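*Asks:* Provided herewith is a single structure, encoded as structure tokens, for subsequent inquiry.
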Amino acid sequence: MSNRRRSDPPRQATAPCLKCSKYVGFCFGVQRAIKLAREAAGRHSAAIRTLGPIIHNPQVIAELRREGIRAVNRFTNLKPGEVLIIRSHGIPRPVEDRMHARGLLVIDATCPFVKKAQNLVGQLAREGCGSILIVGEPHHPEVEGLISYGPPGQVHVVQSVGDLKPLKLAGQVGLVAQTTQSPAACRRILASLRRRKGITVRVHDTICRETNRRQADAVRLARQSDAILVVGGKNSANTARLHSRCQAVNPRAYHIEQADELTPEMLRGVGTLGLVSGASTPASIVREIARKAEVLCAGL
Ligand code: SF4
């Protein structure tokens, strides 16, 4: 006789149908940065350093350490000729200048999409914008880098329409975005700026298409699934954003980093299971989680 209570979730009749996003694994920028670091490790016998972790994924960081690629938070101990890699987020210009002044062998793995946004900040200033607004997170490393490409005091970071109110704007105002921002947030800010009198807005779309597609596909899958697993480092901002967007449409959206975090409770009663990943998650971890989900479901 069954010990199940009425309130228990239904038993799993069959394994869930697994729907995996086609945008899992590293994004182009992260893939490129890791490739550049590995190529440098192949060319140089000394340790290769990256300024900050090249990727927000502890498993990949550990793998790279074994290959002689280590993250450092400062470079004042490094000697001239040692290799230092700029990660895909980019860095503030004065920091890069100091690296070169120290005689380090600098490898710039800034994602080309981030580099384009950096250059546009400088270009807008040269073309006469008295204020340049960046839609983004004020303390994100990419945003700190972007700010440095404009004149001091003329670049402002905004996250919402409310952040525009205290700003004194006049004449030409430039607008760009952190590459991983949501297009909807940028549209709201642009619409508000366009209603302001006495300014001309010059906008450049710097949102990364890959991030856009990944987020849109994740939301689509979250809507179509009973539960969705969002795989990525707990300290990864883009995975956290992906998770919150999935959770907005599906309360059973779980952010996990590794297969051993997957529990039977996450899968109980699930007919369709969605699977998505952040931009810095290796596809191998996603595959491992898919296998673990199948094993757990077989036992439910
Ligand atoms: S998310 Fe987009 S902008 Fe950021 S590193 Fe990846 S490809 Fe580049």
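*Asks:* Using only the alpha-carbon atoms of region 113-207, report the extent along each of the three principal axes, biggest first, to the nearest angstrom.
*Replies:* Taking the Cα atoms of region 113-207, the three principal extents are 32, 28, 20 Å.
*Asks:* Given the rule -39500 (n - 2.57) for each run of at least 4 DSSP H residues, summed and divided by the residues of the chain, what is its mean residue ellipticity at 222 nm, to the nearest 500 deg cm²/dmol?
*Replies:* -12000 deg cm²/dmol
*Asks:* If you don't mind, another one. Using a simple spin-label model with points 7 Å from Cα along the Cα→Cβ vector, what separation in nm is obtained for ASP260 and GLU67?
*Replies:* Going from the ASP260 label point to the GLU67 one covers 2.4 nm.
*Asks:* Ignoring the sites themselves, what is the longest stretch of the chain with no GluC sites (Glu not before Pro) in a DSSP loop and at most 15 other beta-carbon atoms within 10 Å?
*Replies:* 128-300
*Asks:* Measuring with a 1.4 Å probe in the full set of protein chains, what accessible area per residue, in whole Å², belongs to the chain?
*Replies:* Per residue, the chain has an accessible area of 49 Å².
*Asks:* Would you please name the trypsin sites (Lys or Arg not before Pro) within region 158-248 that are DSSP coil residues with at most 10 other C-beta atoms within 10 Å of their C-beta?
*Replies:* Listed in order of number, the matching sites are LYS168, LYS197.
*Asks:* How many percent of the alpha carbon pairs in the chain exceed a separation of 29 Å?
*Replies:* Distances greater than 29 Å cover 46 percent of the Cα pairs.
*Asks:* Determine how large the accessible area of ASP205 is when every protein chain is in place; take a 1.4 Å probe and give Å² rounded to the nearest 10.
*Replies:* Accessible area of ASP205: about 90 Å².
*Asks:* Something else: Any idea what diffusion coefficient region 36-182 gets from Stokes-Einstein, in µm²/s, Kirkwood Rh on alpha carbon pairs, 37 °C, 0.692 mPa s?
*Replies:* The calculation lands on 198 µm²/s.
*Asks:* Let me ask another. May I ask you to give the percent of accessible area on the chain that is carbon plus sulfur, with a probe radius of 1.4 Å?
*Replies:* Summing carbon and sulfur atoms, their accessible area is 52 percent of the total for the chain.
*Asks:* Given the convex hull over the Cα atoms of region 157-300, what projected area results after averaging over all orientations, in nm²?
*Replies:* 9.6 nm²
The values are calculated or read from the model by the stated rules, or taken from the named source; none is laboratory data. Everything numeric in this text was worked out from a predicted model, so none of it was measured. FYI the Cβ positions are ideal-geometry reconstructions off the backbone, even for glycines, and counts take in every protein chain you see. Remember, those area values only see protein heavy atoms, side chains included, never the ligands or the DNA or RNA. Shrake-Rupley method; radii C 1.70, N 1.55, O 1.52, S 1.80 Å.
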